[in-house]
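The block underneath contains the structure these notes are about, expressed in C-alpha cells.
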Amino acid sequence: MIDSHCHLDLPAFDDDLDDVLQRAKEAGVSGFLIAGTTPAGWQKQLDIQANHTNIHLAFGIHPWFIRSALDDALSDLQQMVATHRDRVCAIGEIGLDATIELPLAEQETWLLAQIEVAKQSKLPVILHHLKTHHRLPALIKQSGFTYGGVVHAFSGNAQVAKQYIDLGFKLGVGGTVTYPRGQKTLNAVVEVGLDNILLETDSPDMPVYGYQGQRNEPARLVNVVGILAEAFCTSPEIISARTNTHFRQLFIQP
Ligand SMILES: [Zn+2]
C-alpha cells in the first residue's frame with residue numbers, strides 16, 4: 001500500500017513521526033507522498049525525506065493558504081522545483097475550494113499559475129476540490145495540461161469521475177468511502193475501476209470511520225483497502241498491488 005496523500009510535515013506529527021511511520025510500515029504501508037501546502041512547509045518536507053525512506057514529495061500552495069502566501073510564493077515554487085527536481089514528483093496540493101472565503105476567481109489564477117509550473121517541469125499535479133467539479137475539469141482542459149495527476153479525496157458520481165479520468169487523472173480514494181454517507185463515491189469508484197484509483201489518507205485529516213475526532217495516520221490505509229476489497233469483490237493484496245503500480249507509473253516512472 002502507498003499513501004498517495006498525507007501531510008506528515010504538519011505540527012500534528014512533530015512529536016512522534018518515527019512511531020507513526022513504524023506503525024504504517026507494520027500495517028503494510030510502503031510509501032508516502034507528502035503533499036505541499038505552504039512555502040514554509042516545503043523545507044520541512046525535504047528534511048523528512050532526507051531522514052526517512054520511501055518518502056515522496058509534492059510542492060504546492062494549497063487554496064486555504066493563498067491568502068497568507070507571499071506575493072513571491074509563485075517564483076519561490078518555481079525555484080524550489082527547479083532546485084530539487086530530482087526530489088519532487090508532483091505539484092500540489094493545488095485546486096479550488098468553494099467553501100472558503102477567497103473568491104474562486106482569485107483561486108483560479110493561482111491554480112493556473114501552478115499548473116504552468118507543473119507544465120514547465122513536466123510533473124503531474126495533485127488537485128484539491130470542494131464543491132468545484134463545475135470548474136476544475138474545464139480549467140485543466142483550458143490550460144492544455146497533459147501530465148495528469150490525482151484528484152485528491154475524490155467525492156462525486158461516476159460521470160464526474162470520468163471527466164477527470166479522460167484528462168489523465170486518477171481518483172484519490174481515502175476515508176470518505178469508509179462512511180455510510182460515502183456510498184455514492186464508493187459506487188463511482190467501483191464503476192470507473194481499480195485502474196483509475198490511488199489510495200490515500202490525507203493524514204492528519206479525514207479520519208476513517210470509527211476514528212472520528214482523532215488524528216488520522218497512514219496505518220489506517222488498511223481500513224480503506226478493506227472497504228475497497230469488499231466493494232471490488234477482490235483481496236486487499238490485489239487492491240494494494242494494482243494501486244501501487246499506478247502510483248509508480250504516475251509519480252515515479254512516468
Ligand atoms: Zn491534503
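For the stretch 189-201, taking the residues that are closer than 18 Å to A161 by Cβ and surrounded by 22 or more Cβ atoms within 10 Å (Cβ to Cβ), the one that is nearest to the ligand (Cβ to nearest atom) is identified as E200.
Does the stretch 93-104 contain at least one residue that is closer than 23 Å to A219 by Cα, outside any loop (DSSP other than H, G, I, E, B) and open to solvent by less than 10 Å² (accessible area, probe 1.4 Å)?
Yes, the stretch 93-104 contains a residue that is closer than 23 Å to A219 by Cα, outside any loop (DSSP other than H, G, I, E, B) and open to solvent by less than 10 Å² (accessible area, probe 1.4 Å).
The set of residues in the stretch 1-19 that are of a type outside the set (D, E), within 16 Å of the ligand (Cβ to nearest atom) and outside any loop (DSSP other than H, G, I, E, B) comprises I2, S4, H5, C6, P11, A12, F13.
K184 meets each of the listed conditions (1) charged (D, E, K, R); (2) open to solvent by 20 Å² or more (accessible area, probe 1.4 Å); (3) in contact (Cβ under 8 Å) with a residue 40 or more places away in the chain apart from (3). Every listed requirement among (1) in a helix (DSSP H, G or I); (2) on the phi > 0 side of the Ramachandran plot is met by Y164 save one, (2). The single residue among L228, L221, L250 that is under 17 Å from L57 (Cα atoms) and open to solvent by less than 60 Å² (accessible area, probe 1.4 Å) turns out to be L250. With respect to T176, determine if the residue is of a type in the set (S, T, N, Q) and surrounded by 19 or more Cβ atoms within 10 Å (Cβ to Cβ). Answer is yes for this residue.
Are any of the residues in the stretch 75-87 within 13 Å of the ligand (Cβ to nearest atom) and assigned to a helix (DSSP H, G or I)? Checking the stretch 75-87: not a single residue is within 13 Å of the ligand (Cβ to nearest atom) and assigned to a helix (DSSP H, G or I).
When the stretch 108-151 is limited to residues that are open to solvent by 10 Å² or more (accessible area, probe 1.4 Å) and of a type in the set (V, I, T), the one that is nearest to the ligand (Cβ to nearest atom) turns out to be T109. Residues considered: I91, I100, I126, I140. Of these, the only one that is more than 25 Å from M206 (Cα to Cα) and β-branched (V, I, T) is I140. The residue that is most open to solvent (accessible area, probe 1.4 Å), among those in the stretch 41-74 that are within 16 Å of the ligand (Cβ to nearest atom) and part of a helix (DSSP H, G or I), is W64.
The values are calculated or read from the model by the stated rules, or taken from the named source; none is laboratory data. Quick caveat: nothing in here was measured; it's all calculated off a predicted structure. FYI the Cβ positions are ideal-geometry reconstructions off the backbone, even for glycines, and counts take in every protein chain you see. Surface areas here come from the heavy atoms of the whole protein model, side chains and all, with no ligands, DNA or RNA. Shrake-Rupley method; radii C 1.70, N 1.55, O 1.52, S 1.80 Å.
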